[in-house]
Amino acid sequence: MADINRQTGAAGGESERAAWLAEMERASRAKQETFMNGIAARLRHPRMTSKPAQPVRGAPDFWRTFDWTPEERVERFEANWRSVGGHTARAKDLAEAGRFIAERAQELSARIIVRQDQAELASLGLESSVPDAEVSVWNADEDVAWKARAAEADIGVVIADQALAYTGTVVVRSAPNKGRSVSLLPTVLFILIPAERLGTRLGEALIPMDEGGRDALPAGVHFITGPSRSSDIENDLTIGVHGPGVVYAVIIG
Amino acid sequence: MSAQKGRATVKERAELALNDEFLVKAVKFTTERLRNGKKNASAEHGNWDEWRERGRQIRLHTIAHLDYYLNLFVENARANGVHVHFADKGEDAVAIAMDIAQRKAAKTVVKSKSMVSEELHLNHALEQIGVEAIETDLGEYIIQLAGEMPSHIVIPAIHKNRYQIADLLSEVAGEKLEADTTVLAGFVRKKLREKFLEADIGMTGCNFAIAETGSMVLFENEGNARMVTTVPKTQITLMGMERIIPSFEDLEVMATLLPRSATGQKLTMYMSAITGPKRTADADGPEEMHIIIVDNGRSLQLGDPEFQELLNCIRCGACLNACPVYRHIGGHAYGSTYSGPIGAVLTPALNKNVAEWDDIANASSLCGACYEACPVKIPLHEMLIYLRRRKVETGNGKAVETAGMKGFAALTGSSAAMKAALAIGKIGQRLVVRGGEIRTKLGPLKGWNSYRVTPSLPRRSFRDRWEKLNREVDADRPQMAPDMKRRMEQIVKERGKGGGGHGGH
Ligand code: SF4
């Protein structure tokens with residue numbers, strides 16, 4: 001059942017590597033049986049091979065109907081985002097958002113900007129509005145070391161696939177044109193959130209992940225709730241330890 | 001190297017820890033903040049007990065059908081392109097990880113926080129074959145430089161001050177770094193960035209594994225777990241066999257309980273669901289992904305009516321923050337990977353060695369605060385009593401006449417207090433049946449005086465007693481250093497304004 005499109009490509013010793021992986025898989029499958037049988041024996045039931053009825057699944061019932069109005073969602077999302085040290089902005093459309101980002105980029109004297117390869121982000125027009133910066137479009141060119149490019153970028157620009165007000169969380173899904181690195185490696189991150197993608201509860205993003213099933217899932221689904229932070233040194237809050245320290249959520253519409 | 005790994009008893013280690021004033025202050029300061037953060041977060045969320053019950057039910061169900069759910073996870077993960085491995089013992093997991101590292105001719109491995117890897121002492125093994133294993137979680141990185149063990153599940157470097165940290169990092173930098181948090185964290189960011197980019201392998205733990213899709217889920221605040229799962233070409237994930245939940249729908253409950261219980265956050269800054277290696281056309285993410293499923297004593301709890309619920313633990317650390325003893329003596333005194341109330345039960349359970357670790361079970365007040373704090377309602381306080389009983393039954397109960405023992409004997413003499421103690425702790429029918437002699441041998445108060453926390457055992461709720469213990473511990477609290485106090489006041493002030501957003505990993 002292994003998907004061919006998920007096959008991995010490495011260079012030298014490819015056949016040796018394949019043989020090693022195949023051998024490991026054989027060992028793993030053999031071990032799997034004894035492992036699972038051992039668990040069943042300890043649990044004192046015959047090995048369970050069909051799905052047991054799950055008496056309790058997911059959030060309590062009262063929670064499932066909980067919903068905020070669109071205005072409340074915006075308000076609560078912004079409040080949550082700011083409370084963890086993030087920044088917020090509103091824009092009536094992409095053009096206005098583009099102007100906002102360009103202004104910030106100029107203020108900060110950004111040299112390199114990386115954005116996802118999406119039509120909405122192209123329409124921001126950063127290529128022309130921030131002439132001093134080099135704007136890279138994720139994975140647009142095979143010869144670029146994209147992870148390194150994102151690591152040296154001052155600014156990353158992504159668009160949210162979904163956002164949730166209750167926790168102040170943005171959801172981004174990976175794809176060939178949407179790098180995981182773009183929301184992670186640059187120092188400053190702009191996340192555009194079309195207002196209609198802003199929901200209330202976490203479950204609104206999680207339950208569809210079950211419904212779509214394994215095949216519909218990208219390699220990475222990332223829930224981002226603010227800037228990278230740590231309190232590991234004497235409980236002193238530090239922002240931007242590994243990920244972006246300055247994170248703008250720009251709600252559009 | 002780590003002084004905690006000697007054969008000293010918990011009691012001796014506790015005395016060592018207590019000599020270090022900063023540790024005491026830091027532990028109290030942090031755990032208090034986290035504890036209050038948690039109380040606020042759970043109260044603010046509302047219906048906390050319903051959520052806890054939900055969490056407990058999901059975990060109970062999954063563990064009770066673990067053969068089904070784990071197998072389902074494995075099949076789905078394989079279909080996602082993951083290489084899955086099984087390890088009965090810690091050594092097996094280490095051997096698999098080393099085999100992968102050797103095949104990749106790996107020079108460096110970047111790691112994000114993984115309790116399982118700590119449990120296996122994996123870094124040490126990798127070092128032996130010439131592979132540099134770098135902890136990338138800020139706190140873990142610091143204690144790795146110091147050659148120590150983590151002292152708290154959530155905040156591993158809780159026992160180091162910033163001057164000590166500046167000294168450690170200055171050595172790495174080859175120049176004197178200012179003891180300023182921003183400077184220090186900035187140095188680590190730069191240093192580790194180089195490491196992420198050059199590392200051959202990224203190694204992670206696993207907070208939850210989703211059976212129905214074969215995905216693994218990581219919670220973190222710094223972004224280093226994302227780095228580790230995004231940048232290196234090979235990813236190895238170490239996963240305790242019990243980390244499973246059925247679905248993403250169930251993850252909503254765990255994501256509600258875990259961050260609030262751990263740090264008082266609504267959600268950690270990052271929650272990542274990783275489903276297999278990168279897709280062919282993706283430009284980042286690992287090309288090859290391995291998940292090593294580790295038993296290492298976990299299955300011993302399966303089918304054991306007294307300890308099976310241990311496997312429900314979601315490693316939030318709330319029981320540590322709630323525990324008056326932990327807050328007093330700090331994590332290193334427990335001398336093992338898992339500290340606090342959960343460590344007191346889990347360590348002997350995983351080691352299947354009641355005798356060696358029994359003193360750890362005594363480093364607990366039986367006050368029930370751990371149970372009250374636990375987001376999946378694990379009755380740790382009862383388990384501690386079972387542990388002591390088993391110790392007696394296996395003939396390891398040396399009836400030494402310590403001061404604490406005498407105190408306990410005196411208490412058993414006062415029958416009202418003893419009855420209350422029995423009722424509260426549900427010490428169990430066997431104990432009652434065997435009568436007073438055994439009770440004095442068990443001595444839940446044994447050695448207590450040396451921790452300077454004297455549990456009271458009146459007929460009151462756990463909550464009442466917890467508050468009282470808190471007061472006693474707090475009354476004892478050494479004066480805080482002025483700059484630390486200033487920082488704390490600053491934090492409180494900012495929190496009042498609703499800004500800042502403290503809580504952390
Ligand atoms: S026992 Fe409960 S409170 Fe303690 S770490 Fe585990 S889940 Fe958290």
Discussion item. Being at pLDDT 95 or above and hydrophobic (A, V, I, L, M, F, W, C) is the filter here; which residues of the range B:107-125 pass it?
Written reply: B:Val109, B:Val110
Practice prompt. Give B:Ile58, B:Ile158, B:Ile143 a once-over and let me know the one that is surrounded by 22 or more Cβ atoms within 10 Å (Cβ to Cβ), facing chain A (nearest Cβ under 7 Å) and at negative phi.
Written response: B:Ile58
Discussion item. Given the criterion farther than 21 Å from B:Val183 by Cα, assigned to a strand (DSSP E or B) and either among the acidic types (Asp, Glu) or more than 17 Å from the chain's Cα centre (by Cα) (or both), identify the matching residue among A:Val135, A:Val158.
Written reply: A:Val135
Worksheet item: Restricting attention to the range A:41-96, which residues are assigned to a strand (DSSP E or B) and open to solvent by less than 90 Å² (accessible area, probe 1.4 Å)?
Response: A:His87, A:Thr88, A:Ala89, A:Ala91
Worksheet item: B:Leu169: more than 7 Å from every other protein chain (Cβ to nearest Cβ), modelled with pLDDT of 85 or more and in a helix (DSSP H, G or I), yes or no?
Response: yes
Worksheet item: When you look at A:Ala249, is it more than 8 Å from chain B (Cβ to nearest Cβ) and either free of Cβ contacts under 8 Å to residues at least 60 places away in the same chain or open to solvent by less than 10 Å² (accessible area, probe 1.4 Å) (or both), yes or no?
Response: yes
Fill in: Filter result for A:Ala41 (touching a Gly at 6+ places or on another chain (Cβ under 6 Å) and more than 25 Å from A:Arg229 (Cα to Cα))
no
Discussion item. Which condition from (1) in contact with a helix residue (DSSP H, G or I) (Cβ under 7 Å, 6 or more places away or on another chain); (2) in contact (Cβ under 8 Å) with a residue 24 or more places away in the chain; (3) open to solvent by 20 Å² or more (accessible area, probe 1.4 Å) is the one that B:Asp88 breaks?
Written reply: (1)
Practice prompt. Could you tell me which residue of the range A:97-123 is modelled with the lowest pLDDT, considering only residues that are assigned to a loop (DSSP other than H, G, I, E, B) and crowded, with 19+ Cβ neighbours inside 10 Å?
Written response: A:Ala110
Discussion item. Can you confirm whether B:Ile201 is assigned by TED's automatic domain parsing to the domain that holds B:Gly285, at negative phi, open to solvent by less than 10 Å² (accessible area, probe 1.4 Å) and in contact with a Pro (Cβ under 9 Å, 6 or more places away or on another chain)?
Written reply: yes
Worksheet entry | Flag for B:Arg189 being touching a helix residue (DSSP H, G or I) at 6+ places or on another chain (Cβ under 7 Å), free of Cβ contacts under 8 Å to residues at least 24 places away in the same chain and open to solvent by 10 Å² or more (accessible area, probe 1.4 Å) | no
Discussion item. Given the options B:Met241, B:Met271, B:Met203, name the one that is in contact with a Ser or Thr (Cβ under 8 Å, 6 or more places away or on another chain) and under 18 Å from A:Val182 (Cα atoms).
Written reply: B:Met271
Worksheet item: Which residue out of A:Ser136, A:Ser128 is free of Cβ contacts under 8 Å to residues at least 12 places away in the same chain, more than 25 Å from A:Gly203 (Cα to Cα) and among the hydroxyl-bearing types (Ser, Thr, Tyr)?
Response: A:Ser128
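Residue-wise test of (1) out of contact with any helix residue (DSSP H, G or I) (no Cβ under 6 Å at 6 or more places or on another chain); (2) facing another protein chain (nearest Cβ under 7 Å); (3) among the charged types (D, E, K, R).
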| position | (1), (2), (3) |
| --- | --- |
| B:Ala209 | no, no, no |
| B:Met216 | yes, no, no |
| B:Val231 | no, yes, no |
| B:Leu238 | no, no, no |
| B:Met241 | no, no, no |
| B:Ile244 | no, no, no |
| B:Ser247 | no, yes, no |
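The values are calculated or read from the model by the stated rules, or taken from the named source; none is laboratory data. Computed from a predicted structure; not experimentally measured. When we count neighbours, we look across all protein chains shown, and the Cβ atoms used for this are built from the backbone with ideal geometry, even at glycine. Accessible surface is based on the protein model in full, side chains and every heavy atom, while ligands, DNA and RNA are left aside. Shrake-Rupley method; radii C 1.70, N 1.55, O 1.52, S 1.80 Å.
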